[in-house]
Structures are given as structure tokens and as C-alpha cells.
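Structure, as C-alpha cells:
The values are calculated or read from the model by the stated rules, or taken from the named source; none is laboratory data. Predicted, not measured: the structure shown is a model, and the values here were computed from it. For neighbour counting, all protein chains shown are included, and Cβ atoms are generated from backbone atoms with ideal geometry for every residue, glycine included. Ligands, DNA and RNA are excluded from the accessible area calculation, which covers all protein heavy atoms including side chains. Shrake-Rupley method; radii C 1.70, N 1.55, O 1.52, S 1.80 Å.
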Amino acid sequence: MKQRLVVIGAGMASGRVLEHLTEAAPDAFDITLFNAEPRGNYNRIMLSPVLSGEKTYEEIVTHDDAWYAERGVVCRFGEKVEKIDREMKVVEGENGHVPYDKLVVATGSNPFIIPLPGHGLDGVIAYRDLEDTQQMMGMGPDNKVVVIGGGLLGLEAAAGMAAHGVDVTVVHIMGHLMERQLDEAAGYLLKKSLEDKGIKIYLQANSKEILGEDGKVRALLLDDGTELPCDLLVMAVGIRPNTGLAQQAGLATGRGVHVDDQMLTSDPDVYAVGECVEHNGEVFGLVAPLYDQAKVAARALLEEDVAFTQKTLSTKLKVTGCDLFSVGDFADGPGRENIVFRDPSRGVYKRLVIEEDRLIGAVMYGDTADGSWFFGLIKDGTSIDEMRETLIFGPAYQGGDTADPLSAVAALPPEAEICGCNGVCKGDIIEAINEGANDLGAVRASTKASASCGTCTGLVEQVLQVTLGDDFQMPAAQPICGCTDLTHEDVRRLIKGQELKSQAAVWQELSWTTPNGCHVCRPAINYYLLADWPLEYQDDPQSRFVNERKHANIQKDGTFSVVPRMWGGITTPEELRAIADAADKYHVPTVKVTGGQRIDLLGVKGEDLPAIWSDLNKVGLVSGHAYSKGLRTVKTCVGTDHCRFGTQDSTGLGIKLEKTLWGSWTPHKLKLAVSGCPRNCAEATCKDIGVVCVDSGYQISIGGAAGMDVKETELLCQVSTEDEAIEVVMAVTQAYREGGKYLDRLYKWLGKVGMDWVKAEVVDDLENRAALVARFELSQSIYRKDPWAEHVKEKAQTYAPIADFTLEAAE
Amino acid sequence: MSWVDIGHIDEVPVRGARLVKTHIGCIAVFRTAEAEVFAATNSCPHKGGPLSEGIVHGQSVTCPLHNWVFDLNTGEAKGADDGRITTYTVRLEDGRILLDDSAVSRRSAA
């Protein structure tokens, strides 16, 4: 006869129990599922992506109505359980009694509400369920929200709302954020990147009182007297196991419902799983152990012999743009040593804590790719004696392997954990793949790997690729191209780190899969090499797109356009006459004025290029680099020379800047402008670098765009002299040249490194600024020259056919 | 088969190309490795892009206009694109590049 199973609570743990049960023994139980929330099981840890708008609620539903129906689960959703009668073995719901043979208590936890005066006001909520999430999603750019609690949940709530433009303030009682998972340095980096997202953060702040008006929250008062106005106040300060029902039923409880290793409570017919339980004195908040408990409870219900054991846990934060990872114990202590790696330019911090040749803790921020490898070393207690020196660089640097991220995954043992949420190890995934799961979706469906928080998706894909080889197409164009698995960032780092100074060295040392690259990677590598090694590396025209090889823009009919430079937009009658003569002589069909204040001759035949350049060179006109990923123009207004509003000589500064920067190569094109007053006629505030002159000096702002994206520049600094303005512009340009990803405009690079970093490097640290300027000048000693004149002199014949049989035949 | 001398291999840059003008249109002569040459029509079948201006990699060239990639051995487009360029027989003798005469003579055009 079928047994009757009643489950109280449709959360992630009990949902997993039902999955295991109905899969292993579909006919063993008649199941009734109570849930106080009016819905079934959804992936609660994905509420943060729902809040930020990256996912919809529908996407995070784990079990829909059909799922329950197929398995014959009777759902009593929206119905509270009033009592468990253990003597009669009956659960008393609001709408009637249900008898049971076996009972699973999965009542979860309640958010902890600090009993501050005013905590009962309207608009004071926790962050726990869909209703809370929806209330937060109702906030917009006109609203202010205060979040109490700088832990995982509070920060996800804050970042989610900030993504909608809400003015969010986080109040945290401790000295740094996420103090249970992060050390101070990582907490600092996290704080910085959250502040970059516009979130205000108060540390060591004690809340005193919640102030209200007409029964609704108005502000939070701190004990130093600060008043933080808000329309909504979110308390995310922790959870408490929900033991009310169990306690009332006389089950043994402490902080949570006591369970043994089989998840059995003090009653042999009642099990408990999830956040409501206490096992060996511990209560649980992260999802991984909950899933382990669910597996154990399901198998115990089927009378199998299993035991739940607690494991080391790792943490990741689900906030886009904040990559952090922490695992184990990272407190300082006697006999403990640290290995620390910092790369401020990328905002990367890694710290490993070692005790007696064993790794015991790891904190990583900014680059968490090696997290699971470190996690494995900690769990397995591996001796790190042999690899100590290169340990912090991760698995790719162990055993003399190449710097291939896949080799790191390939090197992981089968028992290495890939998905921390679901406790799925590499061996499970490989087994699933061998049974036919050949893409991410299939692996997810059969193993649950990456099906919860999703941060291990990349790793799962790498396991797929390692296992299936070419049969698996890696999604997302993360590697530079098909010639390599490395990303632009990897390659840039390795070119510098391994001092690779030729393309051949890059192909060889970084294991390119093609003999000499392709049209995607060759221009990028050529740029990285010439930017990093200006003296040692010789620019390779054959690795450049035709425009940069021929110093002219190819048009759709195969002809070219020729744009001579007009410094700061200033020209002379003599130059204009030369341009007009050239247009006549070479039958130029279209002469157009460009947006960068100069003149474009369109429709010049390829073989005429050296001749037209030579003619233009004679009056001093040089290449305008209108074709280059490099300095294009410096647009100016007339400034103090003519304008009654002008505050400085904007034209003169523009010309000086253009003469300083011209010929330099950058990751993408670089456009500047100088306006003589805040009326900004040169439109400086939508350029890559813009200077706006004011009475007291020069405001330099960067990161504008007016193309596919339109963006206003952000102020970098104000300086008082023209010389300093030029220095700052050179230093910013060099920082962008050294760090930018090929084909990222300056604003994209700025988005990655952050304005604070640029300010620190270029504005505050004068020594560093001088070093950047010096490196820029060194590079310019090679590249500040007219390529047209050079090609006329040395390469003119390459513009003509190697042989012409049409002439011969005409003889 | 008769051959016509079109120039020395050093006149073509490594991983580059030069143009040969003929009565039947322009032919691109590609050089891949130190001493390896190929010849094909200069015009991409997609939108007529000048293939001699493309980036040469391995034994392939990428059209500068829309990045179609052609295998210089067969003339076939690689990847998802569907198309073919005419290839011509070309060989090297003591550093001189020799092109199949029928490719450039007026007779073959007729």
C-alpha cells in the first residue's frame, strides 16, 4: 500500500526532496504539499537577478503546476498549517486535516527584524520572498531606499535596486562589507565597485530609530544623528530558523529543529530539511548543504542508508560586475602565512591563507576564475609545498602547462566540485555528457550543475569542451577568436608578463591553434605588441586592416578616401588650393567636409594614393589618420582669439594636443575636442577626451561617445595651466593604450577600470603621471610621423600592380 | 602549358598580395609563407571587395569589406558563407613568380 507523505513548506530544500523521491520511487508515496506562500517552489536565490531585471519570475520557477500534476502531488498553496498532531499523525491545515505516515517539516526561516522603534511602519520590509522583491521592483529613479545590512543578501538587494536607478544607501554595522566572507581588502574593493554603481555605503553605522509619517516610513535615524530619508527600508540582517510549528508539536528544537544525520527529528516519522533545521549545532543559510540534506532525507524516506555531513562552503555574490569568491578560514593567526596578489589596474585582489603547507582559506576579488581549484585544494587538504611559488596564479601555471584556461579544468580530478550550490562534481558532469548531455541545457537538466546561482556556468561549459572537444561549441565570443582560448585580457597580461615581443612569440608561447592567426586576432595582437614594446616590436602592416595598411579609408567600390590633417580645424588658403588642385587632378568625385573639422576627398583610386599624397605633402598637409584606431582629430572652437565668450585659447590648445598625440595608435579611435567656454561649441563633452576651458583653467573630462552609444564625458580633473592639461591628456591616453582591450572605445575601458582608478593613476599620483607621459613620449618617438610621406618615399610601387598585361596588349 | 613571368617573390610582402591587371580583370597574387604563392581573382563574389587588400592568414585570405574568408587552394569560401573565387595556376622558379599564360592571354578571354 502507498504511504501518505505530507510536506510542510514548498521551498528549495523540500522541492529537491520531492524531485529525488518522485524520480527514484514514483509510486511509493501519496504526497500532499502545504505552502503558506500562494505558489510552488521557485529558485529563491535567483530573486536578486529578478530584482535587477536580468531575469523574470517565470524564468526562476523550479516547479510549475504541470510538474506537480505529473507527479500526482496534491498542492495546498496559500494555506497555513495550524498544527501538527503527532499522536493522531495528522496535519491540520486552515482548510482541513491531512493524515500522514511520514512527515517532512521544511518551514524554512524567517528574516530577522531588528526591533528598532518604528519597525512596524508601512514600507519596512525584509528581503525574503517574491512579494518583497516586487515591492523593491516598484521603486524607481525618484525613490530613495535604505538597506540595513551589508551582507550577501543586503548587497544584492541594493545593487538590484540601484540597477533601476533607485537612490540606494546601505547601512552596515561592521567595519567592512560581507565581513563573514571577505577580508578588509576585498571588502574595500567591493565597496568601491558598489559605490561606482551609485550606491552610498555607511560602515560602522548604528541604526537608532525608524522615523515615520502617517504610519509610513520616512527616514532612518543613525545614532550619530544622521538622518537618511527613504521611501522603503529593507532589513537584510540575517535569518532565523522557523521552528514555531515544530516546537508547538513538541519536537526537539534548539536554534532550529534538531535532526540527526538522516535528517530525522526526535519523532521517527518526522523528517526536517532546509533552513529550519539544526544539525550538530549548526544552522544553514546557503543552498548547497540544503540540497545535500534533501538528497539524504529522500533516500532515508526510501529506507536507504545515508548520512548528511557538513562541508566547507564557498560564497559568491550575484551582482553583475562584482566578482568575488571566498572560501575557508582567512583570519590572520600565529603559524599562518599569506600570499597576496594585487593588480590595481584590473581591480584584482587575491589572498591565500596557508597553514603548515596546506591552503586553508582563499579570498578573491575581480578575477575568480581559479576559485574552484583553490576550493578543491582546501577541501582535499592538498600539500601545496611544491607549487607554493606559483600557487596564486592558479592551476594554469602548475606543472609547466601552457596558460590555457581549459587545461586548468582538464587537470581537475573527477571529484572536484564544479557547482557549489548543487554539490555537483566534475565526474558527475562527465558522466552526464557521456550519457548524451552534449550542451549546457542538457547538463543542467540532468545534473543540476549551474542550475541555481549560475556563476559556475563558464566552468560547466569548459568541462563540456574538455570532454567533447570540437563537438562542443563554446557559446559567447569570450576568446579573442577561433585561434585561441585566451581572452583579450589574458593575452595582454601574458604579452607583458612573459615579455612576448613578436607575433611569432605570441602564437608559439600561447599555443595558437592556427599557424599565423586570422583577420580577427592579428590586428589585436599587432596593436598590443606595438603598444607594449614600442622600441622592440616593428609594426606589421600585413596584420592591419586595409585602411591602416594603406593609410586611407576603403570605400564600397574599392576606391579610397583621403583626409589630410587640419590641426585643430585650422587651415590656410594655400592648403585649400592644394586640396582643390588635387581634387581636380585625380578626378575626385566627392569632396566633403567631415564632422572632425577637415576635408574628405572621396573616390581616389588605390594606385593614385602615393601621387595625391605627394602633392598634398608639398604644402605641408599630412595624413589625418581618418582611417586609424588612433588619434583622429582635436576639434576646437575659436576661443579667446575671436569669441566674446572665450575664456582661454582653445584653438591653440587643440593644435598643441593634436601635434602631441598625432600618429599614436590606441585600442580604438580616439577623438578629442577643446571648447573655449562652458557653452561648449566644440562639443567636448561627447568626445573620448574633452577639455572645457573656464576662467580658472581647464576641465578635463573623459569617456564620452556619440556613436552607437551616446554618452556624456565624466569629469577627470581641473587643472590651471595648459601644460598640465596636455600632460593629463597624454597620461590618460597612455593608460588607455596600455590597458584597453582592442576595439574598446575609451568609455568602455573606463567602465571596466572605473573613474576612481583613473583619477588615482593620472590625477593624484604625480609620479605615475610623469611615468605614463614618459612612456607615451617614448612610443611617439617612433610613431609621431607622417605615414603618407614615408609611403611616397619607400612604398609607392606597392600601390601599383606588379604586372599589367592590359598595357602590353595595347602596344 | 605556357608560363608568363609576373615578377619576383620579394615584390610581394609575406602574408600579403599584389595585383596583376589582365584583360579578363584583376588577379591577386598572394604570398603566404616565405616561399609560397597563390593566385585568384581579385574580386570577392559577395560585393566585389578587393581581395588583394585582405588579411592573409594560413592559406586563406579575408575580404576587407565584409570578412568573407576564402581558401586559396580551392577558392571555396570558408565557414558559413557560400561562394567561390576562381583560382589560377601559379608557380615559383628561382624566386620568379610564373602565372599560367592562359589566365592572362586575350584568347582565353574570348
Cα gyration tensor shape of the range A:41-134, rounded if a/c is under 1.5, else prolate or oblate by comparing a/b with b/c: oblate
Once the in-chain neighbours fewer than 8 apart are removed, the aspartates and glutamates whose Cα is under 15 Å from residue A:83 read A:92, A:94
Among B:66, B:46, B:57: highest mean-square fluctuation, GNM of chain B, C-alpha pairs under 10 Å: B:66
Inverse mean reciprocal Cα-Cα distance (Kirkwood Rh) of the range A:631-785, Å: 15.1 Å
Give me the percent of DSSP beta bridges within the range A:631-785 that run antiparallel, rounded to the nearest 5. 60 percent
Shielded by partner chains, the range B:5-32 residues - at least 40 Å² of accessible area, 1.4 Å probe, vs chain alone: B:6, B:15, B:18, B:19, B:21, B:23
Quick one: check the C-alpha center-to-center distance for the range A:318-392 versus the range B:5-79, whole angstrom. 51 Å
Compute the distance from the alpha-carbon center of the range A:238-307 to that of the range A:720-782, in whole Å. 57 Å
Accessible-area composition of chain B, carbon plus sulfur, in percent [1.4 Å probe]: 45 percent
Leaving out ligands and nucleic acids, and using a 1.4 Å probe, what accessible area per residue does the protein assembly as shown come to in Å²? 43 Å²
Cβ-based charge dipole, the protein assembly as shown, positive-most Cα from A:105, A:486, A:365: A:486
I'd like to verify something in chain A: which complete DSSP H helices, judged by Cα projection on the helix axis, reach 24 Å or more and average at least -1.0 on the Kyte-Doolittle scale? A:722-739, A:766-783
When the charge dipole of the protein assembly as shown is computed with +1 at the Cβ of Lys and Arg and -1 at the Cβ of Asp and Glu, the Cα pointing farthest to the positive end, of A:447, A:277, A:201, is that of A:201
Compute the accessible area of each residue in the range A:767-811 twice, once for its chain alone and once with every protein chain present, using a 1.4 Å probe on heavy atoms, and list those whose area falls by at least 50 Å². A:802, A:805, A:806
Principal semi-axes in Å for the range A:124-237 [√(5λ), Cα gyration tensor, largest first]: 21, 17, 12
With all protein chains present and a 1.4 Å probe, how do A:522, B:15 order by accessible area, largest first? B:15, A:522
Fraction of accessible area attributable to carbon and sulfur, chain A (%, probe 1.4 Å): 49 percent
Check: chain A dipole with +1 on Lys, Arg Cβ and -1 on Asp, Glu Cβ, in debye: 2160 debye
To the nearest hundred square angstrom, how large is the accessible surface buried between A and B, total for both chains, probe 1.4 angstrom? 2400 Å²
Under the rule rounded for a/c under 1.5, else prolate if a/b exceeds b/c, else oblate, using alpha carbon gyration tensor axes a ≥ b ≥ c, the range A:464-614 is classed as prolate
Within the range A:124-237, what percent of beta bridges assigned by DSSP are antiparallel, to the nearest 5? 40 percent
Using a 1.4 Å probe, how large is the accessible area of residue A:784, given in Å² and rounded to the nearest 10? 80 Å²
Are there cysteines in chain B with no second cysteine's Cβ under 4.7 Å away, and if so, which? B:26
To the nearest 20 debye, what charge dipole does the range A:192-238 have about its Cα centre, counting +1 at the Cβ of each Lys and Arg and -1 at the Cβ of each Asp and Glu? 200 debye
Debye intensity ratio in log₁₀ form over the Cα atoms of chain A, taken at each q of 0.07 Å⁻¹: -0.67
Considering only DSSP beta bridges where both residues belong to the protein assembly as shown, give the percentage that are antiparallel (nearest 5). 70 percent
Strictly over 18 Å apart at the Cα level, which of A:671/A:711; A:592/A:669; A:55/A:748; A:556/A:793 would you flag in this model? A:592/A:669; A:55/A:748; A:556/A:793
With unit charges on the beta carbons (Lys and Arg positive, Asp and Glu negative) and the dipole taken about the Cα centre of chain A, which residue among A:558, A:210, A:190 sits farthest to the positive side? A:558
Residue A:230 accessible area, assembled protein chains, probe 1.4 Å, Å²: 10 Å²
Can you give me the C-alpha center-to-center distance between the range A:589-622 and the range A:30-60, rounded to a whole angstrom? 63 Å
Build a GNM of chain B with springs between Cα atoms under 10 Å: which of B:33, B:77, B:17 gets the top mean-square fluctuation? B:33
Where the convex hull is taken over the Cα atoms of the range A:547-623, what is its projected area averaged over directions, in nm²? 4.8 nm²
With +1 assigned to the C-beta of every Lys and Arg and -1 to the C-beta of every Asp and Glu, and no other charges, what is the dipole magnitude of the range A:488-544 about the Cα centre in debye, to the nearest 20? 100 debye
